[in-house]
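**Q** Got a structure for you, questions after.
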Amino acid sequence: MNISREEIERIKENYPVCTRVVIYHCADIYLPIKTGTKGTVCVVDDLGTIHVDWDNGRKLGVILGEDSISIIDEN
């Protein structure tokens, strides 16, 4: 999957470090993150992968278009 520099910058703006997210679909066929698991964004890399520290102790990158997450407000 090839995405533009502009799209990567948009992802970085929408998912800054410390953003809380919940996953709805994980495309990882070997060890998927369970639907409904919450986590905290630790970085968006230069390929547009959103790296998340999941509350279950796992660390796994999210690829928009393959995986599905939403930003949550826990206030």
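The values are calculated or read from the model by the stated rules, or taken from the named source; none is laboratory data. Note that the coordinates shown come from a computational prediction; the quantities given were computed from them, not determined experimentally. Note that we place each Cβ from the backbone using ideal geometry, even for glycine, and neighbour counts take in every protein chain shown. All accessible areas refer to the heavy atoms of the entire protein, side chains included, with ligands and DNA or RNA removed. Shrake-Rupley method; radii C 1.70, N 1.55, O 1.52, S 1.80 Å.
**Q** Starting from the range 3-20, keep only residues that are over 18 Å from Cys42 (Cβ atoms), then list their pairs with residues that are open to solvent by less than 50 Å² (accessible area, probe 1.4 Å) whose Cβ atoms are within a distance under 8 Å, requiring at least 6 positions of separation or different chains.
**A** Once the first residue is over 18 Å from Cys42 (Cβ atoms) and sits in the range 3-20, its partners that are open to solvent by less than 50 Å² (accessible area, probe 1.4 Å) give Ile3/Gly48; Glu7/Gly48.
**Q** Tell me the residue from Gly36, Gly65, Gly48 that is at pLDDT 95 or above, at positive phi and exposed (fewer than 12 other Cβ atoms within 10 Å of the Cβ), please. Before you say what the answer is, go through the steps one by one.
**A** Working: Gly65 fails: at pLDDT 95 or above; Gly48 fails: exposed (fewer than 12 other Cβ atoms within 10 Å of the Cβ).
The conditions single out Gly36.
**Q** So is Asp28 without any contact (Cβ under 8 Å) to a residue 40 or more places away in the chain, assigned to a loop (DSSP other than H, G, I, E, B) and open to solvent by less than 60 Å² (accessible area, probe 1.4 Å) or not? Break it down stepwise before answering.
**A** On the way: without any contact (Cβ under 8 Å) to a residue 40 or more places away in the chain: yes; assigned to a loop (DSSP other than H, G, I, E, B): yes; open to solvent by less than 60 Å² (accessible area, probe 1.4 Å): yes.
Here the answer is yes, as Asp28 does meet what is asked.
**Q** Name the residues in the range 29-43 that are within 22 Å of Lys12 (Cα to Cα) and not hydrophobic (A, V, I, L, M, F, W, C), would you? Talk me through it step by step, then tell me what you get.
**A** Narrowing the range 29-43 to residues within 22 Å of Lys12 (Cα to Cα): 33, 37-43.
Result: Thr37, Lys38, Gly39, Thr40.
**Q** Pairs needed: first member in the range 47-65, free of Cβ contacts under 8 Å to residues at least 12 places away in the same chain and under 13 Å from Val22 (Cα atoms); second member anywhere, polar (S, T, N, Q) and part of a loop (DSSP other than H, G, I, E, B); C-beta distance under 7 Å; at least 6 residues apart or different chains.
**A** Taking only residues 6 or more apart or on different chains, not a single pair turns up.
**Q** May I ask you to list the residues in the range 1-21 that are open to solvent by 60 Å² or more (accessible area, probe 1.4 Å), modelled with pLDDT of 95 or more and of a type in the set (A, V, I, L, M)?
**A** Val17
**Q** Next question, about the same structure. Determine whether the range 12-20 contains at least one residue that is among the aromatic types (Phe, Trp, Tyr) and more than 11 Å from the chain's Cα centre (by Cα). Let's see the steps before the verdict.
**A** Of the range 12-20, the ones among the aromatic types (Phe, Trp, Tyr) are 15.
Restricting the remaining residues to those that are more than 11 Å from the chain's Cα centre (by Cα) gives none.
Within the range 12-20 (the criterion being among the aromatic types (Phe, Trp, Tyr) and more than 11 Å from the chain's Cα centre (by Cα)), the answer is no, since none of the residues qualifies.
**Q** Right, here's the next one. Under 10 Å from the mean Cα position of the chain (by Cα), open to solvent by less than 40 Å² (accessible area, probe 1.4 Å) and at pLDDT 95 or above: does that describe Ile71?
**A** On the way: under 10 Å from the mean Cα position of the chain (by Cα): yes; open to solvent by less than 40 Å² (accessible area, probe 1.4 Å): no; at pLDDT 95 or above: yes.
No.
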